[in-house]
Amino acid sequence: MSNNTQLVTTSVFCNHCKLRTKHELIATHASEYTEWDATDDEDFPIYTEDFEWNLWKCRGCETALLQKKTHFHGNEDAQGNPVHSFEYFPARSEFSYKERHFLKLPSQIAVIYKESCASYNAKLPLLCAGGLRALMEAICRNKNAPGNNLYQRIDGLKTLLPESLVQNLHSLRYLGNDALHELKPPAMSDLRLGLEILGDLMNYFYDLDYKASSLASRKKASVLPVPNNVIPPSLGDSSPEGNGV
């Protein structure tokens, strides 16, 4: 490990500042790994990879991150320059999906939603698509939507949702079917949209009614009943002598 004596900066997304900021190189460490194949008493390298570990500090909030820079020997561009891959610890949240919090979400649905968000942030599209399909299934069953399969159950939501919305919810079923049956990983942008759609649906089914009923209860509690034998001052006499004006 060597400390940086000359100021080196780069632009990296800061999880704390929530935007790309200038980061200052604090320290770096390089290493190499080679695998060998012994043939006829001679060792031949199968492959070699170079590692460079860089510690960066945000020049705004001063939080730090570790960058792993990797190069496999033989992986060069058309000009012969080495092609590097990068990993960050902790992982950058620039393109992650922030899990929404619900007050009245059934526990089974909450578990599936949490795992679907986690698989999206881990960039596991097949698992995320399967999670979205399972989440849609769990919501339909919780709402007692009739039917023997997910297609019928989604259609069974027509008593609770506009028909046009129900028809569009089938796209989540298609997304999951392509991933699970055809092993076709969907685009991350489609998965993100699916998480947002189901987030809005769960808010409508579970939290919105709870919040509205809570507000209604508070309003009722704040209105005190007026006894029958008490006349509001605005309707009675306004002078000590009883002569209203």
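Filter region 104-151 for residues that are within 30 Å of TYR88 (Cα to Cα) and hydroxyl-bearing (Ser, Thr, Tyr) and give the result. Within region 104-151, TYR113, SER116, SER119, TYR120 meet the criteria.
Within region 83-97, the residues that satisfy the criterion of being without any contact (Cβ under 8 Å) to a residue 24 or more places away in the chain and not in a loop (DSSP other than H, G, I, E, B) are SER85, PHE86, GLU87. Return a yes/no flag: does region 83-106 have any residue that is closer than 30 Å to LEU25 by Cα and over 25 Å from the mean Cα position of the chain (by Cα). Looking through region 83-106, at least one residue is closer than 30 Å to LEU25 by Cα and over 25 Å from the mean Cα position of the chain (by Cα).
Okay, residues lined up against (1) outside the structural domain of LEU7 (by TED's automatic domain parsing); (2) more than 30 Å from SER213 (Cβ to Cβ); (3) aliphatic (A, V, I, L, M):
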position	(1), (2), (3)
ASP50	no, yes, no
CYS58	no, yes, no
CYS61	no, yes, no
PRO82	no, yes, no
TYR120	yes, yes, no
PRO125	yes, yes, no
LEU135	yes, no, yes
GLN152	yes, yes, no
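Considered as a group, the residues in region 154-168 that are in a helix (DSSP H, G or I) and under 26 Å from the mean Cα position of the chain (by Cα) include one that is nearest to PHE205 (Cα to Cα), and that residue is LEU157. Among residues of region 135-153 being part of a helix (DSSP H, G or I) and in contact (Cβ under 8 Å) with a residue 24 or more places away in the chain, the one that is farthest from the chain's Cα centre (by Cα) is ASN142. Do we have any residue at all in region 192-212 that's modelled with pLDDT of 90 or more, in a loop (DSSP other than H, G, I, E, B) and either in the same structural domain as ARG133 (by TED's automatic domain parsing) or surrounded by 12 or more Cβ atoms within 10 Å (Cβ to Cβ) (or both)? Within region 192-212, none of the residues are modelled with pLDDT of 90 or more, in a loop (DSSP other than H, G, I, E, B) and either in the same structural domain as ARG133 (by TED's automatic domain parsing) or surrounded by 12 or more Cβ atoms within 10 Å (Cβ to Cβ) (or both). Examine region 124-134 for a residue that is surrounded by fewer than 16 Cβ atoms within 10 Å (Cβ to Cβ) and either in contact with a strand residue (DSSP E or B) (Cβ under 7 Å, 6 or more places away or on another chain) or part of a helix (DSSP H, G or I) (or both), and state whether such a residue exists. Looking through region 124-134, none of the residues is surrounded by fewer than 16 Cβ atoms within 10 Å (Cβ to Cβ) and either in contact with a strand residue (DSSP E or B) (Cβ under 7 Å, 6 or more places away or on another chain) or part of a helix (DSSP H, G or I) (or both).
The values are calculated or read from the model by the stated rules, or taken from the named source; none is laboratory data. Keep in mind that what you see is a predicted model, and the values were worked out from it rather than measured. Methodologically, a virtual Cβ is constructed for each residue, glycine included, from the backbone with ideal geometry; neighbour enumeration extends over all protein chains shown.
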